[in-house]
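The values are calculated or read from the model by the stated rules, or taken from the named source; none is laboratory data. Nothing here was measured: the structure is a model prediction, and the numbers come from that model. Glycine also receives a Cβ, built like all others from the backbone with ideal geometry; neighbour counts cover every protein chain displayed. Only protein heavy atoms, including side chains, enter the accessible area calculation; ligands, DNA and RNA are left aside. Shrake-Rupley method; radii C 1.70, N 1.55, O 1.52, S 1.80 Å.
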Amino acid sequence: MSDLNKLGLAEARDALRKGEVTSVELTESCLTAIDAADALNAFVHKTPEIALERAKAADERIKGGDAPSMCGLPIGIKDLFCTKGVPSQAASKILEGFKPEYESTVSQQLADAGAVMLGKLNMDEFAMGSSNETSVYGNAVSPWRRGNDDAQLTPGGSSGGSASAVSADLCLAATGTDTGGSIRQPAAFTGITGIKPTYGRCSRWGIVAFASSLDQAGPMTKNVRDAAIMLEAMCGHDPKDSTSAELAVPNFEAMLTGDIKGKKIGIPKEYRMDGMPAEIEKLWADGAEMLKDAGAEIVDISLPHTKYALPAYYVIAPAEASSNLARYDGVRYGRRAQLAQGDGITEMYEKTRAEGFGHEVQRRVMIGTYVLSAGFYDAYYNRARKVRTLIKKDFEDAFAAGVDAILTPATPSASFGLGEMTEADPVQMYLNDVFTVTVNLAGLPGVSVPAGLDKQGLPLGLQLIGRPWEEGDLLNTAYALENAAGFVAKPTKWW
Ligand code: GLN
């Protein structure tokens with residue numbers, strides 16, 4: 001077999017079990033692809049020794065007839081996950097040199113399931129961003145281009161390295177995290193699948209915290225089946241995370257029948273945004289038609305508080321971030337600024353944080369501190385929390401009326417050029433999350449499925465939002481959509 005790096009998880013798993021390939025061969029193929037793809041800046045810490053060691057161990061297990069679900073499958077890990085002895089920097093200067101003494105629960109579960117870690121993937125600093133441009137490593141680049149135009153495009157963010165690596169076949173799959181859309185938006189921008197599970201499905205232990213009431217890990221994969229396989233390995237109760245749910249994890253892959261007859265799919269009218277490109281409107285309508293042809297019933301629904309989601313998110317997420325990021329003080333982790341004669345502890349904090357955090361992170365810490373300050377707490381933070389409850393209730397009402405899943409566009413546009421959105425207007429960047437933040441605020445599962453190309457040849461994704469804890473059913477609807485959309489486009493290799 002050639003081009004083993006191009007395989008998906010399920011295909012590679014089946015080939016491994018049949019003895020057609022070895023994990024070492026798969027891993028070497030990915031390592032070669034990674035080394036030839038520095039132009040994408042997707043992998044920021046490569047771990048070939050760990051990868052080959054795990055691949056050899058996986059081959060032994062497979063030979064011994066003891067192959068767990070991800071056995072021998074090479075994947076990338078977002079830099080937000082703490083990985084023991086391996087740099088874990090959350091793409092921030094302030095965590096320079098930080099090598100954790102522990103492994104995140106999710107990456108440990110993947111390793112226990114036999115997965116092979118190839119290295120750490122680029123991302124926006126502390127997962128704040130939608131374009132991977134806030135990374136201390138420099139931005140990851142999308143493997144996609146607008147026709148023959150060689151302008152570099154964003155793979156999206158914050159899981160931009162994960163998206164770029166999976167889309168360019170540098171690995172079979174990757175982990176991502178999603179606080180306001182960071183799995184689903186980059187997946188949509190790069191023509192891959194990404195699911196953010198229900199809040200509490202995956203343990204947050206050992207994942208650098210951004211906004212703890214919103215953060216969830218999830219898989220970014222080449223197709224829906226792979227997402228089901230990898231999600232199952234990532235999920236489960238963890239006593240080390242008090243918000244992780246004590247619920248059994250079903251066999252998600254077994255739930256992929258493609259049969260969605262009689263399912264009710266809601267189309268929320270509030271997601272029809274002014275100025276949305278006609279192509280996205282059309283893709284959305286086509287997606288509804290595909291689900292209808294597959295036997296689902298399409299119903300119009302209303303989620304009336306949608307327009308308040310983005311402002312509420314950009315109060316709640318910075319508030320939690322300002323608290324979570326207080327720990328980076330130059331004492332406990334990573335980097336400390338050079339101090340001048342006579343500097344005391346206050347100067348040490350100030351200098352370390354001023355040079356260690358990038359602009360976007362500083363902006364969020366300041367907004368968060370402001371909305372939590374004594375005089376403004378009620379006006380901003382408490383108000384945003386009330387709005388959050390209303391947004392959650394909108395979804396609950398829709399589900400109570402019998403809706404099984406909700407179909408929306410994943411993003412309001414296709415991927416854009418690096419540098420096209422200026423730092424002078426951060427709100428322009430925040431608008432990328434308009435269709436995804438609602439799902440985090442409500443704690444629901446959401447999946448992005450590639451469904452078409454725009455006229456420049458760039459991928460577009462559709463989002464399906466499901467009932468809490470029903471990722472299996474949601475993935476099955478996504479599977480039906482994937483089958484109907486038949487998206488097979490790949491970027492033309494230029495790197
Ligand atoms: N783009 C959003 C933000 O900047 C979401 C990020 C995320 O999901 N981690 O906050």
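Dipole of the chain (Lys/Arg Cβ +1, Asp/Glu Cβ -1, origin at the Cα centre): which of ALA174, LEU9, CYS202 lies farthest to the positive side?
The residue sitting most towards the positive pole is CYS202.
How big is the dipole moment of the range 162-284 about its Cα centre under a simple scheme where the beta carbon of each Lys and Arg is +1, that of each Asp and Glu is -1, and everything else is neutral? Debye, nearest 20, please.
Computed about the Cα centre, the dipole is about 300 debye.
How far is it, in nm, from the label point at LYS63 to the one at ARG363 when both lie 7 Å from their Cα along the line to the Cβ?
For the pair LYS63/ARG363, the computed spacing is 5.5 nm.
Calculate the radius of gyration of the Cα atoms of the range 378-495 to one decimal place, then report Dmax, the largest Cα-Cα distance, as a whole number, both in Å.
Spelled out, the Cα radius of gyration and Dmax of the range 378-495 are 17.0, 52 Å.
Treating only the Cβ atoms of Lys and Arg (+1) and Asp and Glu (-1) as charged, compute the dipole magnitude of the chain about its Cα centre; round to the nearest 20 debye.
Numbers: 49 positive and 63 negative charges, 109 e Å.
Roughly 520 debye for the chain.
Only four residue types carry charge here, +1 at the Cβ of Lys and Arg and -1 at the Cβ of Asp and Glu. Report the dipole size of the range 344-495 about the Cα centre in Debye, rounded to the nearest 20. The partial results should precede the final answer.
Values: 14 positive and 18 negative charges, 27 e Å.
Taking the Cα centre of the range 344-495 as origin, the dipole is about 120 debye.
So what is the diffusion coefficient of the chain in µm² per second by Stokes-Einstein at 25 °C and 0.890 mPa s, using a Kirkwood Rh over Cα pairs?
110
Placing +1 on the Cβ of each Lys and Arg and -1 on the Cβ of each Asp and Glu in the range 405-495, which of VAL437, ALA480, SER413 has its Cα farthest towards the positive end of the resulting dipole?
My answer, from the dipole projection, is ALA480.
For the range 445-487, what is the Kirkwood estimate of the hydrodynamic radius, computed as the reciprocal of the mean inverse distance between distinct Cα atoms, to one decimal in Å? Mind showing how you got there, number by number?
Working: mean 1/r = 0.0923 Å⁻¹.
About 10.8 Å for the range 445-487.
Go from 0 up to the bin containing the longest alpha carbon distance in the range 123-198, width 10 Å each, and give me the % of pairs per bin.
Percent of Cα pairs in each bin: 24, 54, 20, 2.
What is the distance, in nm, between label points placed 7 Å from the Cα along the Cα-to-Cβ direction at THR32 and at ALA340?
Rounded to a tenth, the inter-label distance reads 5.6 nm.
For GLU420 and LYS292, FRET efficiency with R0 = 35 Å and r from the beta-carbon atoms, rounded to 0.05?
Between LYS292 and GLU420 the formula returns 0.45.
Could you provide, to the nearest whole Å², the per residue accessible area of the range 35-183 with probe 1.4 Å?
Solvent-accessible surface per residue comes out at 28 Å².
Determine the share of the chain's accessible area contributed by carbon and sulfur atoms, expressed in whole percent, with a 1.4 angstrom probe.
Summing carbon and sulfur atoms, their accessible area is 51 percent of the total for the chain.
So what's the back-of-envelope 222 nm ellipticity for the chain, counting only DSSP H runs of four-plus at -39500 (n - 2.57) apiece and dividing by all residues, rounded to 500?
Estimated from H runs of four or more residues: -10500 deg cm²/dmol.
Which of the pairs LYS6/LYS120; LYS282/LYS392; LYS269/LYS392; LYS93/LYS351 have their Cα atoms more than 22 Å apart in this structure?
With Cα atoms farther than 22 Å apart: LYS282/LYS392.
Return the long-range amide H neighbours of LYS78 (sequence gap of 5 or more, or a different chain), with a cut-off of under 5 Å between placed amide H atoms.
LEU121, THR175
Suppose R0 equals 30 Å. What FRET efficiency, 1/(1 + (r/R0)^6) with r the Cβ-Cβ distance, do ARG385 and ASN483 give to the nearest 0.05?
0.15
Multiplying the sequence separation of GLU20 and ALA151 by 0.36 nm and subtracting their Cα-Cα distance, what value in nm do you get?
Taking GLU20 through ALA151 to full extension adds about 43.2 nm, to one decimal.
The range 158-179 to the range 422-480: how many Å between their Cα centroids?
Between the Cα centre of the range 158-179 and that of the range 422-480, the gap is 15 Å.
Rolling a 1.4 angstrom probe over the protein heavy atoms, how many square angstrom per residue are accessible across the range 257-377?
Details: 6410 Å² over 121 residues.
Spelled out: the 1.4 Å probe surface of the range 257-377, per residue, equals 53 Å².
Multiplying the sequence separation of GLU53 and LYS307 by 0.36 nm and subtracting their Cα-Cα distance, what value in nm do you get?
Result for the pair: 86.4 nm of gain on full extension.
Considering the dipole of the chain built from charges on the beta carbon (Lys and Arg +1, Asp and Glu -1) around the Cα centre, which of ALA400, LEU372, MET234 is farthest to its positive end?
Ranked along the dipole, the leading option is LEU372.
Taking a cut-off of 24 Å, what percent of all Cα-Cα pairs in the range 257-409 are separated by more than that?
In whole percent, the long-distance tail amounts to 56.
Roughly how many nanometres apart are two label points built 7 Å out from the Cα toward the Cβ at ALA285 and ALA374?
In this crude spin-label approximation the distance works out to 5.7 nm.
If the chain between GLU96 and ARG332 were fully stretched, how many nm would it gain, using 0.36 nm times the residue separation less the Cα-Cα distance?
Extra length from GLU96 to ARG332 when fully extended: 83.7 nm.
In what sequence, largest accessible area first, do ASP394, ASP3 appear using a 1.4 Å probe?
The ordering from most to least exposed comes out as ASP3, ASP394.
Probe 1.4 Å, all protein chains in place: accessible area of LYS264 in Å², nearest 10?
50
Step through the residues of the range 200-205 one at a time and calculate ³J(HN,Hα) from phi using the Karplus curve (6.51 cos²θ - 1.76 cosθ + 1.60, θ = phi - 60°), rounding each to whole Hz and writing x for Gly and Pro.
So the J values, rounded to whole Hz, are x, 6, 9, 5, 8, 5.
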